[in-house]
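Encoded as structure tokens, the structure appears first; notes follow it.
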Amino acid sequence: MASDEPCLIASKSAIRGQISGKQDLIVEGRVEGHISLESNLTIEESGSVEADMDVDQVTVKGEARGEVVAARSAVLHATARVAGNIRAPQIIIEDGAKFSGTIEMEVELPASIKAGGA
Amino acid sequence: MADKETVIGSDTRISGEVRGEEDLVVRGRIDGKIQLTQTLTVEKGATVQADLDVGHLVVLGAVVGTIVASESVKLMSTARVVGDLASPRLTMEAGAAYRGRVDMGDIAAARAAASSRAVQRPAVSEKPAIRPAPPRMATLAKAIVATKASAPVAPAAARSTVTPSASVPAPASPPAFPRVAGAMGAMTPAWAKKKIRRR
Amino acid sequence: MAKEKDTKPMANTVIGSSIVIDGEITAEESLTILGTVKGKISVAQNLAVEAGATVEADVEAQTVTVNGRLTGNVVARERLELKPEAKMVGDAKSPRIVIADGAGFKGNVDMDV
């Protein structure tokens, strides 16, 4: 788990490349590339991430684009603008959030519905 | 029963097509197709296996089918939903389970695609066959084809036009990298390119 | 919007006046129709076709009360009642049949005598 201080990409900063680690990451600036965390990723309102994200939890208040895989949960706040595919056991979307893409979750349908879906 | 709102009771099952210009609450089961200008509420324990074209949709139960909502979709914590979804507003509570493609942009195109697909399907007979949900990618492709059937596709120009500014304005403050076509192109899924090109 | 608390007490089906259903309805409870239903209706308890409603369907229910327009064959296991505003075209089969003054009816009556 994240034991250290969270890592902050400030609003005037931009990083391109691969970010991986065990610390929480807060993005107020811009990240392009790949983010792989065993902890939480927070994209603030000013933040913009264009990356494949493989994290424990992701919270989006700004802009995100890419493949998102969250081991625990993905939260799209009302200000979020997200394009991409999200896979997570729990996904929360607030009213006002904009999302375009696919959502992949385990859906346990009642037995009366014949197994549909992909 | 004073206000006579439309309720499909928990021990009622409808197979076929339901149309209307009022709110509809489903506690039982509907298989087929629902077209409603107002709010469709699928209660906990209810099952709807149908293509939906509604104003608002509130789901606490199970829904399988293509969803077009001209106003909003709310997936409450007990919702179990499989199918492509088009709506300008979508909220999802913790606990809600959903699988499918979400389009919060062009509802008219999504509706056109959904209805053209409905026309292709044979009319609802006495016993509508239980229909597996349509493949998701195919549905989107269809929606895009439907809107942009006549527009020339320019694959070469596509990569350079992949900027987030089209649908999601990038914040002004962080410096942007010059776009390297190869790197960003490879990273942006094919559908996203299409999507942006469309706008 | 989510009216979870009154789910059980009113476990009946009501088809509102703007609703059009094309297909089959099976209800293990009572069914009230104010709108339009075409197809087939099977109800375990009471079926009420209210004034203003249009039903074009073969109907089977415990009791059937018609005050609207019904076209189709009706089997009421207990009782069929056509109220003053009813217009029914079709065959009626029920041990007890009431046709009120003012009701219109065209079809055969089978009271199983």
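The values are calculated or read from the model by the stated rules, or taken from the named source; none is laboratory data. Note that the structure is predicted; figures quoted are calculated from it, not measured. So basically every Cβ, Gly included, is an ideal-geometry build from the backbone, and we count neighbours across all protein chains shown.
Listing for the model above:
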| item | result |
| --- | --- |
| Filtered residues of the stretch B:28-67 (kept if in a strand (DSSP E or B) and of a type in the set (Ser, Thr, Tyr)) | B:Thr39, B:Thr41, B:Thr47 |
| Leading residue by the ranking (nearest to B:Thr66 (Cα to Cα)) among those in the stretch A:86-100 that are within 13 Å of the chain's Cα centre (by Cα) and facing chain B (nearest Cβ under 7 Å) | A:Phe99 |
| Top-ranked residue in the stretch A:72-84 [being surrounded by fewer than 19 Cβ atoms within 10 Å (Cβ to Cβ) and part of a strand (DSSP E or B); ranked as farthest from the other protein chains (Cβ to nearest Cβ)] | A:Arg72 |
| Among (1) under 11 Å from the mean Cα position of the chain (by Cα); (2) more than 9 Å from chain B (Cβ to nearest Cβ); (3) of a type outside the set (D, E, K, R); (4) closer than 20 Å to C:Glu85 by Cβ - the single one C:Leu31 does not satisfy | (2) |
| Residues of the stretch C:97-113 classified as closer than 19 Å to C:Ala61 by Cα and surrounded by fewer than 12 Cβ atoms within 10 Å (Cβ to Cβ), total | 3 |
| The one condition in (1) at the interface with another protein chain (Cβ under 8 Å from one of its Cβ atoms); (2) under 13 Å from the mean Cα position of the chain (by Cα); (3) among the acidic types (Asp, Glu) that B:Glu93 fails to fulfil | (2) |
| Flag if A:Asp52 is in a strand (DSSP E or B), under 15 Å from A:Ile15 (Cα atoms) and in contact with a strand residue (DSSP E or B) (Cβ under 7 Å, 6 or more places away or on another chain) | yes |
| Identity of the residue in the stretch B:2-27, within 7 Å of another protein chain (Cβ to nearest Cβ) and not in a strand (DSSP E or B), that ends up nearest to C:Asn12 (Cα to Cα) | B:Gly9 |
| Odd one out for A:Gly96, checked against (1) on the phi > 0 side of the Ramachandran plot; (2) buried (at least 20 other Cβ atoms within 10 Å of the Cβ) | (2) |
| Options B:Ala46, B:Ala62, B:Ala50: the member that is more than 20 Å from B:Gly95 (Cβ to Cβ) and in the same structural domain as B:Gly95 (by TED's automatic domain parsing) | B:Ala50 |
